[in-house]
1. How much accessible area does residue 312 have with a 1.4 Å probe, in Å² rounded to the nearest 10?
2. Per residue, how many Å² of accessible area does the stretch 341-406 show with a 1.4 Å probe?
3. Tell me the accessible surface of residue 77 in square angstrom (1.4 angstrom probe, heavy atoms of protein chains only), to the nearest ten.
4. Assuming R0 = 51 Å, what is the FRET efficiency of residue 406 and residue 8, from their Cβ-Cβ distance, to the nearest 0.05?
5. Taking only C-alpha pairs under 8 Å that are 6+ residues apart, what is the relative contact order of the chain in percent?
6. How high is the relative contact order of the stretch 341-406, in percent, with contacts defined as C-alpha pairs under 8 Å that are six or more residues apart?
7. Report the gain in length on full extension from residue 68 to residue 302: 0.36 nm times residue separation, minus Cα-Cα distance, nm rounded to one decimal.
8. Pop a pseudo-label 7 angstrom from the Cα along the beta-carbon direction at both residue 151 and residue 131 and give the gap in nm to one decimal.
Amino acid sequence: MIDKELNFTIYDPKNFSKDGPAGCNKCAGIISELLVQTLAVEGINLPDSVVWKGINSYQLHTTKGSVSIATPSFENTIAAVYRGGGPKGIIGEHKESFDDFLLGQAVKEGAAHISVKIEGIEYKNGKPVLFSQGGEIEQADLVVGAVGVNSAKMGIFLDMGFGYEEPRTVKAAIAELSFDEEIITEHFGNSVHLFLLPIKSLKFAAMIPKETYVTLCILGHDLNANSVKDFLDYPVVREVLPKSLSYKFRCRCLPKMNVKAPKIPYADRVVMCGDAGSTRLFKDGLGAAYIMGKAAANTAVLHGVSKQDFQEHYYPVYKNIIVDNQFGSYLYFLADLYKNYGLLTRWMLQIVQEEQSDPEDPKRLSSVLWNMFTGNERFKNIFATAVSLPMRFDLWKAFAKTLVRRR
Ligand SMILES: Cc1cc2nc3c(=O)[nH]c(=O)nc-3n(C[C@H](O)[C@H](O)[C@H](O)COP(=O)(O)OP(=O)(O)OC[C@H]3O[C@@H](n4cnc5c(N)ncnc54)[C@H](O)[C@@H]3O)c2cc1C
């Protein structure tokens, strides 16, 4: 029992029940298996009204063929959601946005939600004071900066002068393709379609089915307004899309994605969380936001809100994600090699196909790919499996087979 009275106010001007850009937080909307389970442990079970599709497999597409990787748990444990109301015109009575649902949960637990944008923060008598619409609105004991990286108002924390710098970001691309619901069920099923293609600017791309839409998410470097069209024209992608059926574009955007955390994420009575702080590289940003939010809350409630408290109790968790991302960079480097060199692509595909067709196989490479692209496991652990002796043995065995076949 903690003998403290806590009052929370969430300031966010966005109306998440709105469809189109007004309610959207620019994300592919995959809630990892790990986050679905962690939320359930907290007593937050995602209702059917929030989940647009339960995902039970990934279809991996390459220039050398495709393979299906099933969830190791045989359940639809990954949830595909919309952060806002979804593409323009889609929101109906039967569905709810993920962010709206979470905000509702927070309000139910006693938090207040005030729909305003914070336009400035200044210290007065040692406490941060929030400004909006030209006036002072609250003096707080603690300000949590969970403003993401896509807001024009990130500068308010830079202006506070405690050494916070904006995270380094890259531009990603998202588009919503509309199809008939039967087409999506028949053609995309309950699978995320993942593309590892030898395109220089592309890390990977994913198509996520959600009733009458497929969310296309492209991650890489130097993406621009043409990236979506160029990607959709790529032969492997055209093969995957339903033939002779046209799709309609609804929303399209080029959101920023955090790829490097700022060095100083806290000061006295201020802490930065989520994408404005440290997040997982190209993966499970929502899971990382949960971890950092919890670490900040634990620090504030159990220890205090001074810079020293955050240094001792928040920073180790923050740094942990940064270190883990180092392993993530090595894994993405390896994935780049495998997608860019045909022989390696074929080799990877062959191993996964064999693993998936044998129920007794330990499925090492499948689990490396599954965990990497679902964000279900820490990069460090995936890396350990990827370089383990049995994994290397599997790779050499497949390599030898490929050479014999080529002969
Ligand atoms: C293309 C792309 C695809 C992604 N796909 C996934 C995915 O499938 N799964 C996943 O887990 N992660 C994904 N992510 C990452 C994920 O979107 C982020 O990690 C996550 O949204 C971070 O949450 P956040 O609360 O820190 O920031 P955000 O979700 O950006 O939320 C910030 C909130 O702060 C509010 N705000 C901003 N400034 C102010 C202000 N001055 N005053 C008041 N309110 C303010 C905004 O209105 C907004 O609601 C993806 C990211 C990108 C770019």
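The values are calculated or read from the model by the stated rules, or taken from the named source; none is laboratory data. Only a predicted model underlies this, so the values are computations on that prediction, with no experimental measurement involved. Note: ideal-geometry Cβ built from the backbone for every residue, glycine included; neighbour counts use all protein chains shown. Surface accessibility is based on the protein's heavy atoms, side chains included, excluding ligands, DNA and RNA. Shrake-Rupley method; radii C 1.70, N 1.55, O 1.52, S 1.80 Å.
1. Rounded to the nearest 10, the figure is 100 Å².
2. Roughly 54 Å² per residue, with all protein chains present.
3. 20 Å²
4. So the FRET efficiency works out to roughly 0.20.
5. Answer for the chain is 17 percent.
6. Relative CO of the stretch 341-406 lands at 31 percent.
7. Using 0.36 nm per residue and subtracting the Cα-Cα distance, I get 79.7 nm.
8. Output for this residue pair reads 1.6 nm.
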